[in-house]
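No lab work stands behind these numbers, since they all come straight from the coordinates. Predicted model only: the values in this text are computed from it and were never measured. Here Cβ is always computed from backbone atoms with ideal geometry, including for glycine, and neighbour counts include all displayed protein chains.
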Amino acid sequence: MSRRAEALAQRLEQGAAALASFVETMTDAEWRTRVPPDGRMAGVIVHHVADVYPLEVQLAQQLASGQPIAGVTYADVATMNAKHAETNAGVTKAAALEHLRKNSREAAKAVRAFSDEELDRAATVSLNFDAPLTCQFFVEDHALRHSYHHLGRIRAAVGR
């Protein structure tokens, strides 16, 4: 097993655990708080983080195999997020936490499977203006960073 892949997986797990720990302390009112900039409810965002782990890992695996990520735009991401928010508006804290724990475990397992060669492989990424990005960068910028990014926004929105 790659030490780098293990370190990435551990950091991914730490981010998911930090988000889960905060969620466990949230009140019902905080769970329903609208979070800027797009106004999704905090609970929906927690579920969203869990929900996109499989996609983020799949895209990283695509890069690891040397295949570009093409045709994906931030407008697509915004549309996907809006549909997710509509579909999951009533998600419970328990369901979102279970989803977060399960999908972060599976994502970390997939990250652990990357070799150093795969982590170093680069291909173009349409989300980043077709910049040739490595698999490792993609893992760090998406699956790993995602929980920290949304945890920070949720904390700011609820004022703690």
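Taking all pairs of distinct Cα atoms, average 1/r, flip it, and tell me the Kirkwood hydrodynamic radius of the chain in Å to one decimal place.
One decimal place: 16.0 Å for the Kirkwood radius.
With a point put 7 Å past each Cα toward its Cβ, work out how far ASN128 is from ALA113 in nm, to one decimal.
The answer from the label model is 2.2 nm.
Can you give the calculated 222 nm mean residue ellipticity of the chain, where each DSSP H run of n ≥ 4 adds -39,500 (n - 2.57) and the sum is split over every residue, rounded to the nearest 500 deg cm²/dmol? Walk me through the intermediate numbers first.
Details: 8 runs with 107 residues, N = 160.
Using -39500 (n - 2.57) per qualifying helix, the result is -21500 deg cm²/dmol.
Could you give the size of the charge dipole of the chain about its Cα centre, using +1 on the Cβ of each K and R and -1 on the Cβ of each D and E, expressed in debye and rounded to the nearest 20? Before the final figure, lay out each step's value.
Working: 18 positive and 19 negative charges, 101 e Å.
Using Cβ point charges on Lys, Arg, Asp and Glu, the chain gives about 480 debye.
Given contacts defined as C-alpha pairs under 8 Å and at least six residues apart, what's the relative contact order of the chain, whole-number percent? Before the final figure, lay out the partial values.
Values: 220 pairs, mean separation 65.8, N = 160.
About 41 percent, as a whole number.
Once you have the alpha carbon radius of gyration of region 2-58, what is it after dividing by 2.2 N^0.38 Å, with N set to its residue count?
Scaled against compact globular proteins, the figure is 1.34.
Enumerate the residues in region 1-36 having an amide nitrogen under 20 Å from the point lying 7 Å beyond the Cα of ARG145 toward its Cβ.
Counting only backbone N, you get 4-20, 36.
Between PRO132, ALA7, VAL158, whose Cα lies farthest towards the positive end of the dipole of the chain when Lys and Arg beta carbons carry +1 and Asp and Glu beta carbons carry -1, centred on the Cα centre?
It is VAL158.
Calculate one ³J(HN,Hα) per residue across region 27-34 by plugging θ = phi - 60° into the Karplus curve 6.51 cos²θ - 1.76 cosθ + 1.60, and present them in order as whole Hz with x for glycine and proline.
Using θ = phi - 60°, the values come out as 7, 4, 5, 5, 4, 9, 4, 7 Hz.
Non-local amide H neighbours of ARG40 (under 5 Å, H modeled in plane, Pro and chain starts lacking H): which ones?
It is VAL35, by chain and number.
Given the Cα-Cα distance of VAL77 and ARG32 and 0.36 nm per residue of separation, how much length would full extension add, in nm?
My answer for the length gained is 14.0 nm.
So, in Å, what gap is there between the alpha-carbon centers of region 116-160 and region 76-111?
16
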